[in-house]
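Working notes for the structure below.
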Amino acid sequence: MMPWLPQVGRVMLLMCLATVVRAAEQPPAARNVYSGQGLVLHAQTRTPDQMVAFYTGRGFPAAMLEPISHVCFLTVSMRHTRQDVVWLEPSRWRLLDAEGNSLNRLGRDFWNRVWETMQAPAAHRATFGWTQLPESRDLQPGEPVGGNITLVPPTGAFTLEAHFATGPDKKGPEIVGRIEGLICHAQSTDKTRESEP
Amino acid sequence: MCVFTATAAEVPPGLMARDGAPAPALRLSNMEGKVTDLRDLRGQWVMVHFWATWCGPCRKEMPTLQSLVKLLPTQRLRILLVNTAETDDEVFAFLGLVAPDLDTLMDRDGKVTEQWQPRGLPSSFLIDPDGRQRYLALGGRDWATQPYPAFLRQITQPPAVNGPGRAP
């Protein structure tokens, strides 16, 4: 086999192939995850189509889907195994673009104004609210939490820098978890919903 | 006045003791229009469980609640499911597949859920026979697996009645 390749070359080629095979067998490096100091934080961006499909499935009217399709949704979940309280407070988190500039998170106040303006149905407002990450929560040991945060879509990759106070009085050591390389997907181009009632 | 007997119970992981504040009002109907009022259930323990079909942990937990119903008689623990802000169609399709033996109250506009202020969905409040909040389950779990059934049996155990000739 491969008589044109010298013996040494064949050995080197086999070694290289073995390395490639080993690499392929390794579990992929955890992406979009921060793990440390007894806390695991996951963050995953969602495409506008994913989010529109989700809320369409919940019966949201087209008027509510419109603003949803124009923002970046970041689904966050976390759990901690510490013995103390960890404070979930997204208002203290930083969202940074590639140049280190802060990006605007769109909190509950923003969405409440949007829904109020369009007189959105109470049931859909409630559902939307329960799918968002709480604005403040004293996470007890082992308590899971998950939900979305929303932001104005940045043009490139961005970083989530999540700050957590600890302890019942927030005077424990602060935990900072960073997840880099997050990318918001392009604005939805789905036109079909424009014909919905 | 009922005697709260759960103070000695060891609280299992994921459950948080509450301060005994009165439970908020809860008066809702199921999909057939039958109304249930929490006030009418004084004298027995009640689990008030908030859920939604879109919530992953809720979907996982629901069959375990159906199993729990078989482990603990209704007289010991009444389980009130409260669906948060969904339609009959969504709920009927989900429960029919996942937990067909269970019924749910419908919080159609989500306002009752908001008044209870659960920490997220799913959330389960354990209400004592006096209508006070005693425990809150943090997130979802398998209710049919120990230590949860044992804990629930312990806290819902009726007060012992001393017969003639027995020591008080």
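None of the figures in this text is laboratory data; all of them are computed from the coordinates on show. If you're wondering where the values come from, they're calculated on a predicted model, not measured in any experiment. Every residue, glycine as well, gets a Cβ built from its backbone with ideal geometry; the counts of neighbours run over all protein chains shown.
Numerical summary
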quantity: Per-residue [θ]222 nm for chain B (sum of -39500 (n - 2.57) over DSSP H runs n ≥ 4, rounded to 500); calculated: -7000 deg cm²/dmol
quantity: Cut-off 15 Å between beta-carbons: net charge of the residues surrounding A:GLY156, Lys and Arg +1, Asp and Glu -1; calculated: -3
quantity: Local electrostatic count, A:ASN101, Cβ distance below 13 Å [Lys/Arg +1, Asp/Glu -1]; calculated: -2
quantity: Packing-based ranking, highest mean first, of B:104-110, A:163-169 given that Cβ atoms within 10 Å are counted; calculated: B:104-110, A:163-169
quantity: Environment charge of B:ALA144, counting only residues whose C-beta is closer than 14 Å and scoring Lys/Arg +1, Asp/Glu -1; calculated: +1
quantity: FRET efficiency, B:ALA160 to A:ASP169 (Cβ-Cβ, R0 45 Å, nearest 0.05); calculated: 0.60
quantity: Anisotropy class of segment A:74-130 from Cα gyration tensor, a/c 1.5 cut; calculated: oblate
quantity: For A:LEU133, residues with placed amide H under 5 Å, excluding near neighbours; calculated: A:ASN148, A:ILE149
quantity: Acute angle (nearest 10 degrees) that the helix B:88-98 long axis makes with the longest principal axis of chain B, alpha-carbon atoms; calculated: 60 degrees
quantity: Residue-span extension gain [A:THR155 to A:ASN104] - 0.36 nm each, minus C-alpha spacing; calculated: 17.1 nm
quantity: Size of charge dipole - segment B:59-98 - debye, nearest 20, with Cβ of Lys, Arg +1 and Asp, Glu -1, no other charges; calculated: 400 debye
quantity: Bridge type composition, segment A:40-189 - antiparallel percent by DSSP, nearest 5; calculated: 95 percent
quantity: Three-way shape call for segment A:86-195 based on the alpha-carbon gyration tensor, with the a/c threshold at 1.5; calculated: oblate
quantity: Shape call, segment B:1-106: gyration tensor on alpha carbons, a/c limit 1.5; calculated: prolate
quantity: Bridge type composition, segment B:1-102 - antiparallel percent by DSSP, nearest 5; calculated: 30 percent
quantity: Unit charges at the beta carbon, dipole of segment A:46-189: most positive-side option, A:PRO121, A:PRO134, A:GLY147; calculated: A:PRO121
quantity: Protection-proxy order for peptides A:176-183, B:33-40, each taking the mean of Cβ atoms within 10 Å per residue, highest first; calculated: A:176-183, B:33-40
quantity: Residues in segment B:73-102 reached by a label modelled at B:ARG153 [backbone nitrogen below 14 Å; 7 Å Cα→Cβ]; calculated: B:73, B:76-77
quantity: Options B:THR53, B:ALA93, B:LEU65, ranked by Cα towards positive dipole end of chain B, top entry (Cβ charges); calculated: B:LEU65
